[in-house]
Amino acid sequence: MKLQFNIIWHDRVSSTNTTLRELAETMPGLPSGTVIASREQTGGRGRFDRVWVSGKDENLTFSLYLRTGIAPHRLPSAAMAAAVAVADFLECEGLQASLKWPNDVLVNGKKICGILSEVVSGGVMIGIGLNVNMDKTAHIDQPATSMRLESGKPYDRESLLLSLLERLRPPLVAWENRGFSGIRESWEARALNLGKPIRLRDGETYREGILAGFGEDGELLLQTPESTRLSIWSGELTSPPLRRHHS
């Protein structure tokens, strides 16, 4: 895959994913590497239909289109490839990053970036929301941080986007060529709770066990207390299981 980026900036959109999806549907020949970025996002959507709002000149919100014929079951790991790239980018900026399955990037245990991959006409769309100049997190529903909160300095988002896209190219090419195996080493090196007790929520269902690793397509492998290994394709890592005290 030869990946060249074409950035289209908007001053204000409801959602960069929605804008890019509409563009892909109306332009069947939309080039791979098309990027929709916005200086303000009023109704972005994350996993579990959570709303992701970004105020004017606050954060970096963009969506990237990849034209690919890759099998549908391999598409979720596209977000994992993007997460690896974001972690690389943050580390170049002096911020130590970790990865929370399936597609969150954390700094100091707090979420700094969320990623959502979706199938669109002719390929896959990867939406990325990176907290850049946010100076308070009261409107976030989980512990969160930003580049500015961590470093104490503001950033120019347009130049950041250019730098981040360059970091995106190698993991995405590796993913296109080899799927999750192309990024496995980089992902596992930063993965939170690998080999440790975890708790997973999927809707109203909770599962507990040991995070035993990741499957061929990035699915989470959960070793249950009954010594069964489950392949988990969706869900959210929550707090570790509570310790049980026996009388």
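No lab work stands behind these numbers, since they all come straight from the coordinates. What you see is a predicted model, and the numbers here were worked out from it, not measured in a lab. All Cβ positions, glycine included, derive from the backbone under ideal geometry; neighbour counts span all protein chains shown.
Tell me which of GLY235, LEU161, ALA78 sits at the most positive position along the dipole axis of the chain, charges placed on C-beta atoms (Lys, Arg +1; Asp, Glu -1).
Ranked along the dipole, the leading option is GLY235.
Grab the DSSP H runs of the chain that are 4 residues or longer, score each as -39,500 (n - 2.57), total them, divide by all residues and round the 222 nm result to the nearest 500 deg cm²/dmol. Intermediate values should be presented prior to the final figure.
Numbers: 5 runs with 61 residues, N = 247.
Calculated at 222 nm, the ellipticity per residue is -7500 deg cm²/dmol.
I need the peptides 118-128, 178-188, 195-205 ranked by packing, meaning the mean over residues of other C-beta atoms within 10 angstrom, with the highest value on top. Write out the running numbers ahead of the final one.
On the way: 118-128: 21.0, 178-188: 17.8, 195-205: 13.2.
My ranking of the peptides, most packed first, is 118-128, 178-188, 195-205.
From the backbone phi of the stretch 63-77, what are the Karplus-calculated ³J(HN,Hα) couplings (6.51 cos²θ - 1.76 cosθ + 1.60, θ = phi - 60°) in whole Hz, Gly and Pro given as x?
Once θ is set to phi - 60°, the couplings for the stretch 63-77 become 10, 10, 9, 10, 7, 8, x, 5, 4, x, 5, 8, 5, x, 6 Hz.
For the stretch 89-95, just list the computed ³J(HN,Hα) in residue order, Karplus coefficients 6.51, -1.76 and 1.60, θ = phi - 60°, integers in Hz, with x standing in for Gly and Pro.
My calculation for the stretch 89-95 gives 4, 5, 5, 5, 8, x, 10 Hz in order.
Label LEU192 and ILE8 with points 7 Å out from Cα along Cα→Cβ: what is the distance between them in nm?
In this crude spin-label approximation the distance works out to 3.4 nm.
Given an 8 Å cut-off on Cα distances and at least 6 residues of separation, report the relative contact order of the stretch 72-203 as a percent. Intermediate results must be reported in sequence, preceding the final value.
Details: 188 pairs, mean separation 35.5, N = 132.
Once normalised by length, the contact order is 27 percent.
If you place +1 on the Cβ of every Lys and Arg and -1 on the Cβ of every Asp and Glu, how big does the dipole about the Cα centre of the stretch 6-190 come out, in debye to the nearest 20?
Numbers: 21 positive and 21 negative charges, 56 e Å.
Rounded to the nearest 20 debye, it is 260 debye.
Ranked highest first by the average count of other Cβ atoms within 10 Å around their residues, in what order do 220-226, 86-92 fall? Walk me through the numbers on the way to the answer.
On the way: 220-226: 14.9, 86-92: 19.6.
Highest-to-lowest ranking by the protection proxy: 86-92, 220-226.
So which lysines pass the test for LYS111, namely a Cα distance under 17 Å, with those fewer than 8 places away in the same chain ruled out?
Hits, sequence-local ones excluded: LYS100, LYS136.
State whether the stretch 197-237 is rounded, prolate or oblate according to the following rule on the C-alpha gyration tensor (a ≥ b ≥ c being the square roots of its eigenvalues): a/c under 1.5 gives rounded; otherwise a/b larger than b/c gives prolate, and the remaining case gives oblate. Kindly include the intermediate steps, with their values, before the conclusion.
Working: a/c = 1.87, a/b = 1.09, b/c = 1.72.
Taking the square roots of the gyration eigenvalues as a ≥ b ≥ c, the stretch 197-237 is oblate.
Once you keep just the Cα pairs under 8 angstrom separated by 6 or more residues, what percentage relative contact order results for the chain? List each step's numbers first, then the result.
Details: 513 pairs, mean separation 39.5, N = 247.
Worked out over the chain, it gives 16 percent.
Under the rule of at least 5 residues apart or a separate chain, name every residue whose amide H is placed under 5 Å from the amide H of GLY209.
Here ILE198 satisfy the definition.
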